[in-house]
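Novice: Can you keep this structure in mind? I'll have questions shortly.
The values are calculated or read from the model by the stated rules, or taken from the named source; none is laboratory data. Since we're looking at a predicted model, the values are computed, not measured. As a convention, Cβ positions derive from the backbone with ideal geometry for all residues, glycine included, and neighbour counts pool all protein chains shown.
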Amino acid sequence: MLSVTLHAQGDPISKSPIHRPKTLPSELGSKMGKGGGCVPSKKKQPPVSDDPVSDREAAPIPVHDDETNNMATTSLEPTIPAKLKIFIVFYSMYGHVEGLAKRMKKGVDGVGGVEALLYRVAETLSGDVLMKMKAPEKDVGIPEISAAELVNADGVVFGFPTRYGCMAAQMKSFFDSTGQLWKEQKLAGKPAGFFVSTGTQGGGQTTAWTAITQLTHHGMLFVPVGYTFGAGMFKMDTVRGGSPYGAGVYAGDGSREADETELALAEHQGKYMATVVKRLAQN
């Protein structure tokens, strides 16, 4: 219970004198009413607390270390986007398709935020047969790919030689191994393209036509190079492989290598495919 004692000449709380008019406590009650002003009401006493509100408001709010670390991580650490990956998957017996693939990689790698990875499909012929066909050794620096790895690509370009207007058996065998991916439609929506090697002018475009069926059943998006190569698509002064369906090389009996125009088209196709894949990823 608090009591208030008024002194005419001073304040018991403060030592400095305070001059007030002489007023009796009874007069205060009549002037201000019960419970109002300085005199507390007998019915309602003011609460007494050892923990003032001002002290509670001044107390610091605890912050846990993990919250601080999370806030610092969110605000300070930059987000580094991963590069988009285009798989260049090919089969090459005499090196013609491999030459196009390596030049195509250069085109892909020239586009910011995109990189190309070279893969070869498994060989189906025995070593004895390959020796009799005088096929050179495979580049051990280029790994073989399994069908399941295709899901990791943002885009794929398939390269192969032609066999009677169709892709070589080695590449067809690879596509035949993608049955589980087809069943689950894991490759649906992925952009894909082709490049080929052919002995004569009759095999280039036909091989691409027959290969499109593989992409269709997987729901993949066929990306032809079209005539985006510009004037190079209309050159008639030299023998030139390639078509609006994709880059290509005329190998003849196997002795002819790709010339600069054919290699430049392969590089352009790589750059074009990378641009398309990047645009799709941004949208």
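Novice: From the list A281, A211, A188, A231, which one is of a type in the set (A, V, I, L, M) and under 16 Å from G159 (Cβ atoms)?
Specialist: Among A281, A211, A188, A231, only A211 is of a type in the set (A, V, I, L, M) and under 16 Å from G159 (Cβ atoms).
Novice: Right, something else. Assess whether G193 counts as being part of a loop (DSSP other than H, G, I, E, B), at pLDDT 95 or above and under 25 Å from K278 (Cβ atoms).
Specialist: Against the criterion (part of a loop (DSSP other than H, G, I, E, B), at pLDDT 95 or above and under 25 Å from K278 (Cβ atoms)), G193 does not qualify.
Novice: Could I ask something else about it? Take the residues in segment 222-270 that are of a type in the set (D, E, K, R) and touching a Ser or Thr at 6+ places or on another chain (Cβ under 8 Å); name whichever of them is surrounded by the fewest Cβ atoms within 10 Å (Cβ to Cβ).
Specialist: Going through the qualifying residues, I end up with K235.
Novice: Just one of the numbered conditions (1) among the aliphatic types (A, V, I, L, M); (2) at pLDDT 95 or above; (3) in contact with a Phe, Trp or Tyr (Cβ under 8 Å, 6 or more places away or on another chain); (4) buried (at least 21 other Cβ atoms within 10 Å of the Cβ) is not true of M273; which one?
Specialist: The number of the failed condition is (3).
Novice: Considering segment 262-283 alone, what residues qualify as being hydrophobic (A, V, I, L, M, F, W, C) and out of contact with any strand residue (DSSP E or B) (no Cβ under 9 Å at 6 or more places or on another chain)?
Specialist: Once the filter is applied, which keeps residues that are hydrophobic (A, V, I, L, M, F, W, C) and out of contact with any strand residue (DSSP E or B) (no Cβ under 9 Å at 6 or more places or on another chain), segment 262-283 yields only A264.
Novice: Given the conditions (1) of a type outside the set (D, E); (2) buried (at least 18 other Cβ atoms within 10 Å of the Cβ); (3) within 17 Å of S92 (Cα to Cα), which single one is not true for A169?
Specialist: Status for A169: all satisfied but (2).
Novice: Among the candidates T213, T200, T178, which residue alone is within 24 Å of G165 (Cβ to Cβ) and without any contact (Cβ under 8 Å) to a residue 12 or more places away in the chain?
Specialist: Answer to the check: T213.
Novice: Please identify the pairs in which a residue from segment 270-283 that is of a type outside the set (F, W, Y) has its Cβ atom under 6 Å from the Cβ atom of a residue that is assigned to a helix (DSSP H, G or I) and buried (at least 16 other Cβ atoms within 10 Å of the Cβ), counting only partners at least 6 apart or on another chain.
Specialist: G270/M104; G270/G107; G270/V108; K271/G107; A274/V108
Novice: Would you check which residues across segment 140-166 are in a strand (DSSP E or B) and either among the aromatic types (F, W, Y) or surrounded by 15 or more Cβ atoms within 10 Å (Cβ to Cβ) (or both) and list them?
Specialist: Listed by number, the residues that qualify are G155, V156, V157, F158, G159, F160, P161, T162, R163, C166.
Novice: Just checking, which of L181, L187, L215, L265 is in a helix (DSSP H, G or I) and touching a Gly at 6+ places or on another chain (Cβ under 8 Å)?
Specialist: One residue alone meets the criteria, L265.
Novice: Just to be sure I understand, how many residues within segment 57-95 are touching an Asp or Glu at 6+ places or on another chain (Cβ under 7 Å) and modelled with pLDDT under 95?
Specialist: The number of residues fulfilling the criteria is 1.
Yes/no per residue for (1) under 27 Å from H268 (Cβ atoms); (2) aliphatic (A, V, I, L, M); (3) not in a loop (DSSP other than H, G, I, E, B):
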residue	(1), (2), (3)
E98	yes, no, yes
A101	yes, yes, yes
G112	yes, no, no
K138	yes, no, no
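Novice: Only one of (1) under 26 Å from the mean Cα position of the chain (by Cα); (2) touching a residue at least 40 places away in the same chain (Cβ under 8 Å) fails for P136. Which number is that?
Specialist: (1)
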